[in-house]
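The values are calculated or read from the model by the stated rules, or taken from the named source; none is laboratory data. What you see is a predicted model; the values in this text were computed from it and never measured. With ideal geometry, Cβ positions are generated from the backbone for all residues, glycine too; neighbour counts draw on all protein chains shown. Only protein heavy atoms, including side chains, enter the accessible area calculation; ligands, DNA and RNA are left aside. Shrake-Rupley method; radii C 1.70, N 1.55, O 1.52, S 1.80 Å.
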Amino acid sequence: MATAALMSIGAAQPASANEVSPTAHPSGCHFEVQPWGAVARCSKANGGHYRALVICKDRETGKLYNYAGGWRDTGSSYAYCNSNYVPQSAGVETRYN
C-alpha cells in the first residue's frame, strides 16, 4: 500500500512556472547592538523578509526580555528596549514568503 501511495505521488504533474513564484531567505544580513536596542539590515531580500531581534535586561531585576522589530524587505529593521532595559545581544530573523 505504501508503494502505491508513493507511486501516485511521483506520478503527479510538476507545477508550471506560472503557478509558483520562487523565493529565498534574505542574504547579506548583519545586525548591531545599539545603546537603545538593535538594528538589522540585509543587502538582498531575495523575495523574503527580515527583522531585528534584541534581548534586553531589566536594570532592576535582571530579567531578560525578547523584542523584535518590524518585518522589512528593504532598509533597516529596528528593535527597541524599554527605557529601564539594557540591550544584551542582538540578531536578525529571516523568512521567505
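In this structure, does His25 turn out to be surrounded by 14 or more Cβ atoms within 10 Å (Cβ to Cβ) and at pLDDT below 95?
yes
Would you please list the contacts, defined by Cβ atoms under 6 Å and residues six or more apart or on different chains, that run from a residue in the stretch 74-97 that is part of a strand (DSSP E or B) to a residue that is open to solvent by less than 50 Å² (accessible area, probe 1.4 Å) and of a type in the set (D, E, K, R)?
Every condition considered, the pairs that remain are Tyr85/Asp58.
Enumerate the pairs (first residue in the stretch 35-60 and acidic (Asp, Glu); second residue anywhere and surrounded by 18 or more Cβ atoms within 10 Å (Cβ to Cβ)) with beta-carbon separation below 9 Å, excluding pairs fewer than 6 apart on the same chain, so at least 6 apart or on different chains.
Filtered contacts from the stretch 35-60: Asp58/Tyr85.
Looking only at residues that are under 15 Å from Ser27 (Cα atoms) and open to solvent by less than 50 Å² (accessible area, probe 1.4 Å) in the stretch 45-75, which one is nearest to the chain's Cα centre (by Cα)?
Result: Tyr50.
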